[in-house]
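To start, the structure itself, in structure tokens.
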Amino acid sequence: MTATTTETSKAPSGGHPQRWLILGVICLAQLTVLLDNTVLSVAIPSLTRELHASTADIQWMINAYSLVQSGLLLTAGNAADRYGRRKMLVSGLALFGIGSLAAGLAQTSGQLIAARAGMGVGGALLMTTTLAVVVQVFDDTERVKAIALWSTVSSLGFAAGPLIGGVMLEHFWWGAIFLINIPVAVIGLVAVVVMVPESKNPQGDRPDLLGAVLSTIGMTAVVYAIISGPDHGWTSTQVLASAALGALFLGAFVFWELRIPYPMLDMHFFRNQRFIGAVAGAILVAFGMTGSLFLLTQHLQFVLGYGALDAGLRTAPLALTVVALNLTGIGARLLRIFGTPVTIALGMALVSGGLAAIAVLGADGYNGMLLGLVVMGAGVALSMPAMANAIMSAIPPEKAGVGAGINGTLAEFGNGLGVAVLGAVLNSRFAALVPAAVGATSLPAALAAADDAGERASISEAFASGLETSQLVGAVAVLAGGLLAALLLRRAERADPPAAA
């Protein structure tokens with residue numbers, strides 16, 4: 001039986017005979033996509049200088065990628081299940097490479113934002129198919145380990161972005177951080193064609209295009225309101241109208257999904273407490289980690305005076321901790337020993353503790369940040385594989401692409417929300433402490449407009465205070481999410497013991 005017709009084509013024992021090589025190929029594709037969530041963070045000084053980008057421009061350069069991905073992931077998952085996961089993987093690599101070329105050659109902020117949105121289309125196709133292929137080629141005995149390795153690469157992509165971006169900026173101009181994606185995409189494309197088997201569910205649901213449009217517009221409008229709040233005022237017409245538009249479209253999305261026979265997001269999944277618990281955790285871990293890195297790299301460069309490479313090196317302990325713990329299998333062993341609820345609760349408590357350490361100890365120097373990054377990395381290593389496994393195990397195997405799309409959507413939405421919300425908290429605190437600097441389009445502009453050294457010091461101190469406040473907000477949100485996720489998962493296990501991880 002070929003792998004192109006049904007979902008039962010895996011080898012009867014151990015999964016596909018080339019499953020570990022296949023895992024390596026799809027992890028390469030995954031790494032490339034996820035690096036671009038955070039690689040821009042160390043390029044912010046170059047972009048503000050060379051493209052005259054404002055703080056809002058920078059946020060949209062980051063969020064255009066995340067929002068397009070999160071809006072299309074579920075539809076991409078449906079398409080992968082129905083038309084073929086390898087086809088979508090190849091298409092995603094091709095589109096991602098083309099978008100990277102456009103981003104690397106952009107001459108204005110608007111062009112770069114548009115190119116990043118285009119990269120998000122390719123990224124959506126890649127994000128859904130990588131995890132779906134893992135589920136298909138590994139059997140139950142090895143799937144948790146495989147997902148843990150896949151999750152390690154996912155976390156590495158988020159956390160290593162600033163380091164790789166710093167290395168590239170040390171030797172090349174900012175566009176090189178995108179052009180480096182092209183040879184990787186080509187290598188990945190050839191490897192996928194040669195090695196990855198096709199799998200699909202021909203009787204699967206057809207793509208829900210209206211659902212994709214409604215969800216993308218709704219999420220974009222909500223995030224726009226959050227980003228615009230500090231500049232225009234939270235009660236301004238522009239912000240309130242955007243928030244109302246987002247709520248309207250998201251409400252219409254839910255209504256539409258409940259009424260159609262082929263929803264891109266089956267709302268019945270939300271009756272499963274295991275699914276809801278894993279969803280809450282996935283969003284908030286991405287929220288805390290990405291929002292924190294977005295702000296930390298600015299603090300390291302603008303306030304503490306590090307260059308792009310040095311700033312990237314100083315965020316590397318987060319990635320190294322994640323890799324070290326997952327490669328040694330500690331997370332998978334703890335998951336088997338303690339179960340999903342305890343593992344996720346412990347992991348998210350560590351992420352929260354890391355954010356709190358950065359807030360309390362890291363405002364005036366790097367040592368406190370180092371402690372926070374290591375603790376946060378330990379939390380990510382424990383919680384991310386457990387949550388991905390919980391989400392995928394709560395969804396039927398024939399909907400593996402949809403499950404991967406849901407997992408990716410949550411992560412991408414959490415990324416965009418983290419940048420928007422924690423950035424808005426910092427900006428609001430900064431504006432309250434230094435009202436005279438509010439008119440500046442970015443922190444470098446505010447520092448450049450300062451009249452003397454004393455005023456520049458006040459601006460830097462205000463930014464540091466805003467960083468502290470934003471990280472504490474993130475810590476509280478992640479801790480609350482961890483407790484909620486653990487409670488829901490524990491209830492689900494008691495109600496349905498065989499489904500426990």
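The values are calculated or read from the model by the stated rules, or taken from the named source; none is laboratory data. Note that this is a predicted model, so its numbers are computed, not measured. All Cβ positions, glycine included, derive from the backbone under ideal geometry; neighbour counts span all protein chains shown. Note: areas computed on protein heavy atoms with side chains; ligands, DNA, RNA excluded. Shrake-Rupley method; radii C 1.70, N 1.55, O 1.52, S 1.80 Å.
With r as the distance between the Cβ atoms of A247 and L21 and R0 = 51 Å, compute the FRET efficiency 1/(1 + (r/R0)^6) and round to 0.05.
Once the sixth-power term is evaluated, E becomes 0.65.
Can you compute the modelled spin-label distance between A480 and F338, with each label point 7 Å from Cα toward Cβ, in nm?
Between A480 and F338, the simple spin-label model gives 2.3 nm.
So how much slack lies between L320 and R49, counting 0.36 nm per residue of separation and subtracting their Cα-Cα distance, in nm?
Result: 94.5 nm gained on full extension.
Pop a pseudo-label 7 angstrom from the Cα along the beta-carbon direction at both V186 and H232 and give the gap in nm to one decimal.
Here the modelled spin labels are 4.3 nm apart.
What order do T235, T55, T129 take when sorted by accessible area (1.4 Å probe), most exposed first?
T235, T55, T129
Show me 473-484, 290-301 ranked by packing, highest mean number of other Cβ atoms within 10 Å first.
290-301, 473-484
Using a 1.4 angstrom probe with every protein chain in place, what is the largest-first accessible-area order of D57, D36?
Result, largest first: D57, D36.
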